[in-house]
Amino acid sequence: GVDCIRLGESVIEYSSDFRFYITTKLRNPHYLPELATKVCLLNFMITPEGLEDQLLGIVVAKERPELEEERNALILQSAANKKQLKEIEDQILETLQSSEGNILEDESAIQILDAAKIMSNEITKKQQIAEKTEIEIAESREGYRAIAKHSSILFFSIADLANIDPMYQYSLNWFVNLYVNSIHD
């Protein structure tokens, strides 16, 4: 059996590794049920909560840039700490695996494990400090949440205008630029 697909009037053979991607600019496309069961639909539309978070980041970056920079630095530090912890875990597992006989008698293994424990404790302390700082930053950002939420509601209200008349279509980029300009003014 050869796999085939019909495109218009033509029947074409295809490989089982073949993937067919279709995109649309339709806001809410409707597909026949028999088609919808055979495809995987992905909706990349932004959600009100997602837009609210993006707009919150923009307003905080404009009003309190040091706060947003500190938040971004904490995110990077947290990722680096998690990576270091993973490396320590791998080192411990490697030491345990390569150690022959009683591990308590293997001096190099004990030194490696002690160093790993010290490093792990330092990273854990850094993570705790970072979490406290992140909570403080989140509390400061909450002061700007109302404007981000209101702006998100405005965007989705404007987006719904296209249901009244197709001439009333506005892009997210247009709205974000308008939002940034309104913050400057």
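The values are calculated or read from the model by the stated rules, or taken from the named source; none is laboratory data. Fair warning: this is a prediction, and the values are worked out from it, not measured in the lab. Cβ sites come from the backbone with ideal geometry, for glycine too, and all protein chains shown count toward neighbours.
Given 173, 177, which one is modelled with pLDDT of 90 or more, closer than 20 Å to residue 27 by Cβ, within 29 Å of the chain's Cα centre (by Cα) and not hydrophobic (A, V, I, L, M, F, W, C)? Walk me through how you get there before you give the answer.
Numbers: 177 fails: closer than 20 Å to residue 27 by Cβ.
Within the list 173, 177, the selection yields 173.
Among residues belonging to the stretch 160-185 that are surrounded by 13 or more Cβ atoms within 10 Å (Cβ to Cβ) and in contact (Cβ under 8 Å) with a residue 40 or more places away in the chain, point out the one that is farthest from residue 53 (Cα to Cα).
Initial filter on the stretch 160-185 (surrounded by 13 or more Cβ atoms within 10 Å (Cβ to Cβ)): 161-162, 170, 172, 175-176, 178-180, 183.
Checking the rest, the ones that are also in contact (Cβ under 8 Å) with a residue 40 or more places away in the chain come to 162, 172, 176, 179-180, 183.
Values: 162: 24, 172: 14, 176: 13, 179: 14, 180: 15, 183: 16 Å.
It comes out as 162.
Considering only residues that are farther than 30 Å from residue 152 by Cβ and modelled with pLDDT under 85, which ones fall in the stretch 16-38?
The first filter runs over the stretch 16-38 and keeps only residues farther than 30 Å from residue 152 by Cβ, leaving 16-20, 32-35, 37-38.
Residues satisfying the conditions are 16, 18, 19, 20, 35, 38.
Please pick out the residue among 157, 152 that is in contact (Cβ under 8 Å) with a residue 24 or more places away in the chain, assigned by TED's automatic domain parsing to the domain that holds residue 75, of a type outside the set (Asp, Glu) and not in a loop (DSSP other than H, G, I, E, B).
152
Can you tell me how many residues within the stretch 126-159 are over 24 Å from the mean Cα position of the chain (by Cα) and surrounded by fewer than 11 Cβ atoms within 10 Å (Cβ to Cβ)?
1
On the given criteria, is residue 22 under 30 Å from residue 128 (Cα atoms) and among the β-branched types (Val, Ile, Thr)? Even if it seems obvious, please write down each step before you answer.
Working: under 30 Å from residue 128 (Cα atoms): no; among the β-branched types (Val, Ile, Thr): yes.
In short, no.
Being touching a Phe, Trp or Tyr at 6+ places or on another chain (Cβ under 6 Å) and of a type in the set (A, V, I, L, M, F, W, C) is true for just one of 172, 161. Which residue is that? Before the answer, list the steps.
On the way: 172 fails: touching a Phe, Trp or Tyr at 6+ places or on another chain (Cβ under 6 Å).
Exactly one residue qualifies, and that residue is 161.
Among the residues of the stretch 67-80, is any exposed (fewer than 13 other Cβ atoms within 10 Å of the Cβ), out of contact with any Lys or Arg (no Cβ under 7 Å at 6 or more places or on another chain), closer than 30 Å to residue 177 by Cα and charged (D, E, K, R)?
yes
When only residues in the stretch 95-111 that are without any contact (Cβ under 8 Å) to a residue 12 or more places away in the chain and surrounded by 12 or more Cβ atoms within 10 Å (Cβ to Cβ) count, which is nearest to residue 179 (Cα to Cα)?
110
I'd like the full set of residues that are surrounded by 11 or more Cβ atoms within 10 Å (Cβ to Cβ) and not acidic (Asp, Glu), limited to the stretch 84-94.
Result: 84, 85, 88, 91, 92.
With respect to the numbered conditions (1) free of Cβ contacts under 8 Å to residues at least 60 places away in the same chain; (2) within 21 Å of the chain's Cα centre (by Cα); (3) within 30 Å of residue 158 (Cβ to Cβ), which one is the sole condition not fulfilled by residue 52?
(1)
Can you tell me which residue in the stretch 25-66 is nearest to residue 135 (Cα to Cα), limited to those that are among the polar types (S, T, N, Q) and surrounded by 10 or more Cβ atoms within 10 Å (Cβ to Cβ)?
Taking the stretch 25-66 and keeping what is among the polar types (S, T, N, Q), we get 28, 37, 43, 47, 54.
Checking the rest, the ones that are also surrounded by 10 or more Cβ atoms within 10 Å (Cβ to Cβ) come to 47, 54.
On the way: 47: 24, 54: 18 Å.
This residue is 54.
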